[in-house]
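First comes the structure, then the notes that go with it.
The values are calculated or read from the model by the stated rules, or taken from the named source; none is laboratory data. Treat the numbers as computed from the prediction; the structure is a model and nothing was measured. Here Cβ is always computed from backbone atoms with ideal geometry, including for glycine, and neighbour counts include all displayed protein chains.
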Amino acid sequence: MLRALELARRAWGRTHPNPMVGAVITEGGRVVAEGFHEAPGGPHAEVAALRALGRRPSAEAVLHVTLEPCCTHGRTPPCVDAILASGIRTVVVGARDPNPAHAGRGLELLRQAGVGVVEGVLGEACVQQNFIFNHWIVERRPLMVLKVASTLDGRLVPPAGQPRDVTGPESRADVHRWRRLFPAVAVSADTLLADNPRLTARDEGPEHAPLRFVLDRRFRTAGHAGLNVFRDPHRGRTVVVGLASELRASDAAWFEAEGVRVWPLPGRPEEFLGHWSARCAAEGVVGVMIEAGPRLAVAMLQAGAADMLFAYVAPRLGGDPNHSPWFGSADLGLSDVTTIPMGKDVFFRGRVRGGS
Ligand code: AOF
Ligand code: ZN
């Protein structure tokens, strides 16, 4: 199953809106075939492994798969049928598929057909690997992850004259890994104008641009031709999100000429984050990592718009005296917490309780 998890991870960021899934076939305890789900619409992991085997599995063959085999016709036929047709008699599964169309039914069908099914092997790791898919397939709205990088006392902005990054290089590299996983990232207009981030993943391979949202209710970034996200080769993946009532024709024309997309949202300012999430859902954007500065971070918490918090915390105290701790007066606990030392920093990842 560890091997299957590794195989699944090869498609990191490339399976949305589908999950990452890996599969391994063994005979007499030896690995004889492997497969993983490479892209949406493509063969599922189980089918990829069966194809890689290229012959009928032996009587003692065991299929190990990180996610419950599917039992419905989607873009591909049900894997349960393929498994039964192959003659495999034992299936070892990591996680149940939270997809309401499946949710244990695949396992049931296999058992009814006399196949031995073992569940929950490395179950927690298999569930965790698909935290974006798991949220999307049940809620049908994007997983909104609030990411902050702060000092021990919650400051996001260092004192004037100090390096802009509060956290260290290991945390930075980790953020780049997430930029490869999440279909989209977001920043506020404040952050874009102050820091001019590129919002791409540049470690571990060629530069990759997720969809890059600029949350800019009043379209203040219009005309700022020097901003990286408006002029780099990935600018077609930049989306400026604002209020329709604030979009001037001249600004719309400027964005269009730059090749930058614009989402003018309906509604009042306080409905902005909700309308943005709904538009993401409509466009199939299943998860967003919001790389927040102080104002956006607290606004997301107050609006209950954050499903998860990713907090990189650096071992230092104090920051710019003009900024108070980023969470404002929020009183917040996390559940399902993962804590990982990251160089000199600590990374906390958890579900925001009471988040929408
Ligand atoms: C995958 N890859 O290896 C497995 C999946 O649209 P389809 O036909 O590709 O079906 C997608 C659903 O299949 C998905 O929501 C999940 O419930 C199930 N399992 N999906 O993309 C796989 N095993
Ligand atoms: Zn399947």
Residue count for region 84-122, restricted to those that are within 10 Å of ligand 1 (Cβ to nearest atom) and touching a Leu at 6+ places or on another chain (Cβ under 6 Å)
1
Which one of these is among the charged types (D, E, K, R), free of Cβ contacts under 8 Å to residues at least 40 places away in the same chain and surrounded by fewer than 19 Cβ atoms within 10 Å (Cβ to Cβ): 353, 316, 295?
353
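Per-residue answers, yes or no, for (1) within 25 Å of the chain's Cα centre (by Cα); (2) within 30 Å of residue 207 (Cα to Cα); (3) not basic (Lys, Arg):
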{"residue": "12", "(1), (2), (3)": "yes, yes, yes"}
{"residue": "42", "(1), (2), (3)": "yes, yes, yes"}
{"residue": "65", "(1), (2), (3)": "yes, no, yes"}
{"residue": "78", "(1), (2), (3)": "no, no, yes"}
{"residue": "88", "(1), (2), (3)": "no, no, yes"}
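Working only within region 337-356, note down all residues that are under 23 Å from residue 277 (Cα atoms) and either at pLDDT 90 or above or aromatic (Phe, Trp, Tyr) (or both).
Of the residues in region 337-356, the ones under 23 Å from residue 277 (Cα atoms) are 349-356.
Result: 349, 350, 351, 352.
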Would you kindly identify the helices (runs of 4 or more DSSP H) lying entirely within region 114-195 that contain at least 3 residues that are out of contact with any Gly (no Cβ under 9 Å at 6 or more places or on another chain)?
131-139, 169-181
Name the single residue, out of those in region 41-87 being under 25 Å from residue 124 (Cβ atoms) and more than 11 Å from ligand 2 (Cβ to nearest atom), that is surrounded by the most Cβ atoms within 10 Å (Cβ to Cβ).
66
Test each condition in (1) modelled with pLDDT of 95 or more; (2) under 21 Å from residue 24 (Cβ atoms) for residue 71 and report the one that comes out false.
(1)
On the given criteria, is residue 286 in contact with a Phe, Trp or Tyr (Cβ under 6 Å, 6 or more places away or on another chain) and β-branched (Val, Ile, Thr)?
yes
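Okay, residues lined up against (1) more than 25 Å from residue 316 (Cβ to Cβ); (2) touching a Phe, Trp or Tyr at 6+ places or on another chain (Cβ under 8 Å); (3) not acidic (Asp, Glu):
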site	(1), (2), (3)
144	yes, no, yes
164	no, no, yes
171	no, yes, yes
182	yes, no, yes
187	no, yes, yes
197	no, no, yes
213	yes, yes, yes
Does region 144-151 contain at least one residue that is farther than 19 Å from residue 309 by Cα and surrounded by 21 or more Cβ atoms within 10 Å (Cβ to Cβ)?
no
If you go through region 40-83, how many residues are more than 9 Å from ligand 1 (Cβ to nearest atom) and of a type in the set (Gly, Ala, Ser)?
7
Hey, does region 93-115 have a residue that's away from ligand 2 (no atom under 12 Å from the Cβ), farther than 30 Å from residue 143 by Cα, touching a Ser or Thr at 6+ places or on another chain (Cβ under 9 Å) and modelled with pLDDT of 95 or more?
yes
